[in-house]
Ligand code: TYD
Ligand code: MG
């Protein structure tokens, strides 16, 4: 412990002016800002850092080379055995990469990782570090999920120095640290979970991953405000950030790529939580669609494109007379401001006023829609509820609504239309520029230029 304390001196750095001080004070002596001093470790830059030396391959790693020379060494992704996880990782797990998995407590982070690690352990050396559960608890869960437990190595530990010492002996190809908030470094005095601890522990793990080529999964808890603790700090340090989404009551769990150095962002992986752990959902369109037997008003089907695959999602709206002076606009799974804007366009360009109505909009299944292709279906659902007239059955829609009341095209129109046809949809309302070049079998495509045209369609 004493030896590791020598590795770096504790300094307090002002996050506003960058000034460094040996003691914590409430006000920065230099820039006079309040509460900006953060605990950290001073790394000596003049002498070689002992933590960087002594590893195989280190000598030839830090020399100037052309991109072509480097490219040959980079390993492409190793499949994890979970197709949906590979999808959000951008094809598989890359050696030396650090993946941060965030999400609410109890959403299934540990379950996903124990399942993945058990599969990987058949072919690769794997190490699971738990700072939250005891080995007995983890083993019990693995047994209940019928996972192969023979080769997965397990350690319950929270000190990052001891974790890394052990990891050096074990040399795992894949390592899980569950969770980063429980891990601490002996070099800092602050409590585990504090920003300084999280940042420094993660920095040491990232360094280890890069030096040894070990792929590391870091589990991160989400704070009440919805941010990963150590706000934004971890996101910069890691290669990939995955986020669990989903409603508490729902059985479905979505994993979204927030950042990825090896692939596209906004990819969506879909799982279902069952009594035998997480199961992949390979045809997610089916789960987000309504199962209404008869026509109901206030429901429209959107063809969204989350990441690289199109997805059919139901958008529901409820428009009801409001007793309030300021009627409510509630959007779940959508941007609230966007909803207010769409209602203003509806009023200005179609003459449909909702200033005395409460408007609630919900995206079914706990999906969060971030793309503007949802504009048109949202307004279809709102109009349908307002007029109490169901949107015709087997009709899907997508399209961006502009402030001038025009319907603007969205990317990958063809692909969306094909997905709708595949799921038995017979009609689609789309922007003119998204009209298919050749007719799609079984699908009647209605192209529109302006929002006012939808008033005549149903
Ligand atoms: P867990 O992976 O422990 O969550 P996290 O690590 O994100 O905090 O998930 C625990 C939840 O998952 C718990 O509420 C029970 C549920 N669960 C199942 O429904 N089936 C299962 O087979 C397992 C292992 C967990
Ligand atoms: Mg957990």
If only one of 138, 129, 107 is within 13 Å of ligand 2 (Cβ to nearest atom), touching a helix residue (DSSP H, G or I) at 6+ places or on another chain (Cβ under 6 Å) and assigned by TED's automatic domain parsing to the domain that holds residue 242, which one is it? 129
Read through the list (1) within 12 Å of ligand 1 (Cβ to nearest atom); (2) over 19 Å from the mean Cα position of the chain (by Cα), then give the number of the only condition that residue 106 fails. (2)
When you look at residue 354, is it part of a loop (DSSP other than H, G, I, E, B) and either surrounded by 14 or more Cβ atoms within 10 Å (Cβ to Cβ) or touching a strand residue (DSSP E or B) at 6+ places or on another chain (Cβ under 9 Å) (or both), yes or no? yes
Just the residues that are within 12 Å of ligand 1 (Cβ to nearest atom) and in contact with a helix residue (DSSP H, G or I) (Cβ under 7 Å, 6 or more places away or on another chain), please, taken from the stretch 77-103. 101, 103
Residue match in the stretch 364-379 (condition: assigned by TED's automatic domain parsing to the domain that holds residue 449 and closer than 15 Å to residue 321 by Cα): no
With the requirement that a residue be part of a helix (DSSP H, G or I) and buried (at least 21 other Cβ atoms within 10 Å of the Cβ), what does the stretch 327-342 give you? 339, 342
Six or more apart or on different chains, Cβ atoms under 7 Å: show the pairs whose first residue is in the stretch 99-113 and in contact (Cβ under 8 Å) with a residue 12 or more places away in the chain and whose second is within 6 Å of ligand 1 (Cβ to nearest atom) and not in a helix (DSSP H, G or I). 108/273; 109/103; 111/277
How about the stretch 135-156: which of its residues are surrounded by fewer than 18 Cβ atoms within 10 Å (Cβ to Cβ) and away from ligand 1 (no atom under 13 Å from the Cβ)? 135, 136, 148, 149, 150, 151, 153, 155, 156
If you go through 269, 249, the only one that is within 16 Å of ligand 1 (Cβ to nearest atom) and part of a loop (DSSP other than H, G, I, E, B) is 249
If I filter the stretch 224-243 for residues that are surrounded by fewer than 17 Cβ atoms within 10 Å (Cβ to Cβ), within 16 Å of ligand 2 (Cβ to nearest atom) and without any contact (Cβ under 8 Å) to a residue 60 or more places away in the chain, do I get at least one hit? no
Of everything in the stretch 176-189 that's away from ligand 2 (no atom under 16 Å from the Cβ) and crowded, with 18+ Cβ neighbours inside 10 Å, which residue is nearest to the chain's Cα centre (by Cα)? 184
Does the stretch 252-266 hold any residues that are crowded, with 19+ Cβ neighbours inside 10 Å and part of a loop (DSSP other than H, G, I, E, B), and which are they? 263
Give the number of residues within the stretch 260-277 that are at pLDDT 90 or above, within 17 Å of the chain's Cα centre (by Cα) and more than 19 Å from residue 78 (Cα to Cα). 3
List pairs: first in the stretch 276-305 and touching a residue at least 60 places away in the same chain (Cβ under 8 Å), second part of a loop (DSSP other than H, G, I, E, B) and within 16 Å of ligand 2 (Cβ to nearest atom), Cβ under 9 Å, 6+ apart or cross-chain? 276/145; 277/108; 277/145; 277/147; 278/108
Taking the stretch 175-194 and the residues there that are more than 22 Å from residue 40 (Cβ to Cβ) and at pLDDT 95 or above, the one that is farthest from ligand 1 (Cβ to nearest atom) would be 175
Check off (1) under 26 Å from residue 411 (Cβ atoms); (2) more than 16 Å from ligand 1 (Cβ to nearest atom); (3) surrounded by 20 or more Cβ atoms within 10 Å (Cβ to Cβ) for residue 287 and give me the number that stays unchecked. (3)
Against the definition (in the same structural domain as residue 299 (by TED's automatic domain parsing), modelled with pLDDT of 95 or more and within 30 Å of the chain's Cα centre (by Cα)), how does residue 432 come out, yes or no? no
For a quick check of your reading: which strands (runs of 3 or more DSSP E) sit entirely within the stretch 365-458 and have at least 1 residues that are without any contact (Cβ under 8 Å) to a residue 24 or more places away in the chain and in contact with a helix residue (DSSP H, G or I) (Cβ under 7 Å, 6 or more places away or on another chain)? 444-448
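The values are calculated or read from the model by the stated rules, or taken from the named source; none is laboratory data. This is a predicted model, so every value here is computed, not measured. So basically every Cβ, Gly included, is an ideal-geometry build from the backbone, and we count neighbours across all protein chains shown.
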